[in-house]
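The values are calculated or read from the model by the stated rules, or taken from the named source; none is laboratory data. Predicted model, so just to flag it, every value in this text is computed and none were measured. Every residue, glycine among them, receives a Cβ derived from its backbone with ideal geometry; neighbour counts consider all protein chains shown.
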Amino acid sequence: MKYVIIGNSAAAVGCVEGIRSVDRTGTVTVISDEPYPVYSRPLISYLLCGKTDEEHMKYRPDDFYRKNGVKVLLGRKAVGVDPRRKTVSLETGEQVPFDRLLFATGSHPFVPPMEGLESVEKKFSFMKLDDAKALGAALSEKTRVLIVGAGLIGLKCAEGIRGRVQSIAVVDLADRILPSILDAEGSAIVRRHLEKQGIRFALGDSVARFTGRTALLKSGGKIPFDVLVVAVGVRPNTRLAAGAGCRVGRGIAIDGRSATSVPDLYAAGDCCECRDITTGTDRILAVLPNAYLQGETAGVNMAGGEKTFDKAIPMNSIGFFGLHIITAGSYEGEAWVRKTESTYKKLVTKDNLLKGYILIGDVARAGIYTSLIREKTPLDTIDYELVREKPQLMAFAADRRAAMLGGKANVSD
Amino acid sequence: MKRVYVNEKWCLGCHLCEYNCAFANSGETDMAGALKDVKIHPRIRVEGDNHISFAVSCRHCDDPICVKSCIAGALSVRNGVVHRDRDKCVGCYTCILVCPYGAVMPAPDGKAIQKCELCTDNAFGEPACVKGCPNGAIVFEER
Amino acid sequence: MGINYNVPEYEVVRDPQRCIACRVCERQCANEVHSYDPKTGKMKSDESKCVNCHRCVALCPTHALKIVKNNDTYRINAQWSNEAIGEIYRQAETGGMLLSSMGNPKPYPIYWDKMLLNASQVTNPSIDPLREPMETKTFLGKKPDHIERDSEGHIRTDNLPPQLKLEVPILFSAMSYGAISYNAHECLARAARALGTYYNTGEGGLHEDFYKYGPNTIVQVASGRFGVHKGYLEAGAAIEIKIGQGAKPGIGGHLPGAKIVGDISRTRMIPEGSDAISPAPHHDIYSIEDLRQLVYSLKEATEYKKPVIVKIAAVHNVAAIASGIARSGADIIAIDGFRSGTGAAPTRIRDNVGIPIELALAAVDSRLRQEKIRNNVSLIAGGSIRNSADVVKAIALGADAVYIGTAALLALGCHLCRTCQTGKCNWGIATQRPDLVKRLNPDIGTKRLINLVSAWKHEIMEMMGGMGINSIEALRGNRLMLRGVGLNDRELKILGIKHAGE
């Protein structure tokens, strides 16, 4: 059996490990347009602040490919997939044959049309290792940085470079930061925390026009800067899959087995859309754990095994300057909020289920909440009022707990 | 593989497992010296009161979601033990987000996580919580 | 009532260099001696509540604790000891009888320690139990007057009255469910089964969960008849009529209504909250003839399949009483010495009534032999057996087997603090508080009991081998194997032994 994986990040690794859990002998080829062995993309902000280095960013040990018998084609770009001839064409003209293929093509930064953007000399995205290296090289203690986008990427970038630059300003069209994961109240708490670190925000605003080192805002304000980071959002890389005839919505459509609409073609990670079990809708859930789990699921199924991943939910764990935030699920339903001076907690329930939560400041044992969402645990089967106060196993019935702590341990997707 | 199992029927809520854990991972050879006037950060935590109580530590799942979710590749399975590479961990707490047992916690300095590694990472070599449990509520065995 | 004259008996000594304020002492003390002071971050003690049960000492992970006798003293007085004065103060304050538990702690003579065992030298070789057969098995019950043989000349064994078969001559003595916890009972039952011996329900009935241990259970019928019904009698391997117990001869028992809850109420077959009062005498027994009626009633109820034991406290006329019992139809007599334990007894009774088991046992064995009715009954001696040497000496004095109670509880964790009557046993033994009961994990307790008795069994075999004896049968009543030290002629005569050197 010949397996080909296009892409070389978490979903690809999950796929390799999934294949190898079933098939030790088939050939596995990984094609990546990046020149690096697999590294952790979310760590690029930690790289900039010195909390990690390139060596420690390796997502898997150096012998990962060798041990798993993976042929890896680095710095090679796949430009087409022919599902009938079962070949991948590379930019170099080479043809790589496959029996089963995984699209783990990820996403790319979305840069909206902005007037005068071409006049900006130092402008960067913030997604890949090369982005971080290039941005890092452009920074000095005197650099004034403008970040367009107050989402996860923009703010992680801000944290990563805060200690290395003179000032950071963040502009976002939304009226609050981290709008995709936080409600207004939680967002305000995090914003205040970031502001204490000297990061300035222009929210509900956008850049009307760049002129060299100045951004003119719609509100009329002006922000002088030396370096621009555009972190407005990302778009899934679906072109190859679409070209191969796969059904593509916002991302490549996959089922619980990570299969696309075309036989023998699979997809996983940020390039896909999948069912969010908290809303029942198909969404792009671009977070690393989902990428790995979808990749692994794909790998097992590609190799002839049986695996379903049907517990995908949005979830994020992120910290800024020591303030930790964990969120999961969706927020439509009945909300229960508990605040202290330094913490914020919101649980959202609907139809006897926990649907989502936000924890800021105190994130201890958050996984117990996540598990309630993922496992769709009916709240009337546990002591919800107890678990609401604090995530704890005491909230479960004694026999359930006995199974958890005394039974065979086997919990995953 | 041998794992730590907890039977709440025999847990007395004495919290000795927490102190034995903290001592085992202190690197010290004398418990009083290691823990005197120190706030402990054990990797096993007792829930409950003296009527119902039980200790919770990493279950070392066969199919560990923390390992699969780790954004840094800092968690791995070594001989069945879910192991943390302290140097790789950046303290993003994604493992805390996903662990259904709530058995992963921030390390005392907050810069990384910590979790039970069955004392394979310290001089004890066998789970100190088990050895010190006065009532057989925590056992280390094959099931 | 104004000033409390009593001073704490013990002092909690905490090594500040070692204490890590883990609070395990606080969590584990049902008497609430220890507490944590959040202001200083240090532990505190209220010694007036300490009963010296050593739970905190045993669990302290840094060995920072010890309990010492309070050095405080009244003016030294040989007649009026601190204890004697303290008891006056307590009674003057409360107006009540003094209550205590476990065995008589007073410094009366311990005759076990005044008897020494023999060993073989040159003329009669000793036996190595690791190389040669050594029998610790014994049978309790009435033995036939003479040997009968079948048509082929084999000794008949099918004509024996019912017997208890013991793999080791040690049984667990009567301790009721109520006096001790469910878990303690489970330990005793499981250990008895594993060891091939018996435990005894006491007068609390038999919990439904423990019927499965019936073949290793002796069911007791006492003056209160608690928990006695046909199924109960049929469940046991033997039935014991309790006339008296060594810790409190002549008086009955009283389990307060507060302890008669849930399973205990159901097992004893009395309403929740009602006091369980065992009368001092059996109200239907005023003579050996009356006793005989009860013995045969019980035999009748169980189709003569089970031996009947009559248990009495060792008192002044024990030999004559035993002689009567041996003629009552009973199969086994259990004699309980004045050191035996209890869950609660008036202190004065515990400390002043009854006689030492060693003398009682010797007297009974001698008397039954003189009257040629020794084979009518087996003898079980109890109430002070501390180790395997005591067991060997008891058998040499005439016992068929021994009961151990205190030793068994010690194996389970009892520290002889002698405050069972408070119901706050920190070791989970003499308590019904669920949070305390669970401190005794039966898996651990059972193992410890098995360990103890197995260890004793090995020691018994070594001692017997040293004497050149290879079976319990050959040791029983073999008083030539004993010599007295520091005993007067009267004592030697009663014990039926020679003095060392003779």
request  = Could you tell me whether any residue of segment A:112-126 is acidic (Asp, Glu) and in the same structural domain as A:Thr260 (by TED's automatic domain parsing)?
outcome  = no
note = Residues in segment C:75-114 that are of a type in the set (A, V, I, L, M), more than 24 Å from C:Gly343 (Cβ to Cβ) and surrounded by 14 or more Cβ atoms within 10 Å (Cβ to Cβ) total 1
ask   = When you go through A:Tyr266, A:Tyr331 one by one, which is the residue that is modelled with pLDDT of 95 or more, within 22 Å of the chain's Cα centre (by Cα), away from every other protein chain (no Cβ under 14 Å) and surrounded by fewer than 24 Cβ atoms within 10 Å (Cβ to Cβ)?
value = A:Tyr331
key: Looking only at segment B:55-100, and only at residues there that are part of a strand (DSSP E or B) and not charged (D, E, K, R), the one that is surrounded by the fewest Cβ atoms within 10 Å (Cβ to Cβ)   = B:Val77
request  = Filter segment A:290-324 down to residues that are farther than 30 Å from A:Thr25 by Cβ and at the interface with chain B (Cβ under 9 Å from one of its Cβ atoms) and give me whichever is surrounded by the fewest Cβ atoms within 10 Å (Cβ to Cβ).
outcome  = A:Gly322
ask   = Identify, please: which residue in segment A:184-225 is farther than 27 Å from A:Gly116 by Cβ and among the β-branched types (Val, Ile, Thr) and is, among those, surrounded by the most Cβ atoms within 10 Å (Cβ to Cβ)?
value = A:Val190
query = Inside segment C:225-242, can you point out the residues that are closer than 25 Å to C:Gly354 by Cα and surrounded by 21 or more Cβ atoms within 10 Å (Cβ to Cβ)?
reply = C:Ile239, C:Glu240, C:Ile241, C:Lys242
query = Can you tell me which residue in segment A:240-254 is surrounded by the fewest Cβ atoms within 10 Å (Cβ to Cβ), limited to those that are touching a Ser or Thr at 6+ places or on another chain (Cβ under 9 Å) and touching a residue at least 60 places away in the same chain (Cβ under 8 Å)?
reply = A:Gly245
key: Check on B:Ala32, crowded, with 22+ Cβ neighbours inside 10 Å and farther than 18 Å from A:Arg401 by Cβ   = no
Residue within segment A:374-386 that is without any contact (Cβ under 8 Å) to a residue 60 or more places away in the chain and facing chain B (nearest Cβ under 9 Å) present = no
remark   = Those helices (runs of 4 or more DSSP H) completely within segment C:15-102 that have 3 or more residues that are under 20 Å from B:His15 (Cβ atoms) are C:24-28, C:55-59
task = Evaluate segment A:281-292: report whether one residue or more is free of Cβ contacts under 8 Å to residues at least 24 places away in the same chain and more than 28 Å from B:Asp63 (Cβ to Cβ).
result = no
remark   = If you go through C:Gly423, C:Gly405, the only one that is closer than 29 Å to C:Asp113 by Cα and touching a residue at least 24 places away in the same chain (Cβ under 8 Å) is C:Gly405
ask   = Which of the following residues is assigned by TED's automatic domain parsing to the domain that holds A:Leu101, closer than 22 Å to A:Phe98 by Cα and acidic (Asp, Glu): A:Asp63, A:Asp53, A:Asp33?
value = A:Asp33
query = Which fully enclosed strands (runs of 3 or more DSSP E) of segment C:148-242 have 2 or more residues being among the charged types (D, E, K, R)?
reply = C:238-242
key: Conditions (1) touching a Lys or Arg at 6+ places or on another chain (Cβ under 6 Å); (2) closer than 19 Å to B:Ile65 by Cα; number of the one not met by A:Ser330   = (2)
request  = Return the only residue of C:Asn375, C:Asn317 being out of contact with any helix residue (DSSP H, G or I) (no Cβ under 7 Å at 6 or more places or on another chain), over 30 Å from C:Glu87 (Cα atoms) and in contact (Cβ under 8 Å) with a residue 40 or more places away in the chain.
outcome  = C:Asn375
remark   = Being out of contact with any strand residue (DSSP E or B) (no Cβ under 6 Å at 6 or more places or on another chain), more than 9 Å from chain A (Cβ to nearest Cβ) and outside any loop (DSSP other than H, G, I, E, B) narrows B:Gly33, B:Gly27 down to just B:Gly33
message = Could you go through segment B:113-132 and let me know if any residue there is within 8 Å of chain A (Cβ to nearest Cβ), in a loop (DSSP other than H, G, I, E, B) and not polar (S, T, N, Q).
response = no
request  = Please determine, by comparing only the residues of segment C:32-71 that are within 30 Å of the chain's Cα centre (by Cα) and within 14 Å of another protein chain (Cβ to nearest Cβ), which one is surrounded by the fewest Cβ atoms within 10 Å (Cβ to Cβ).
outcome  = C:Glu32
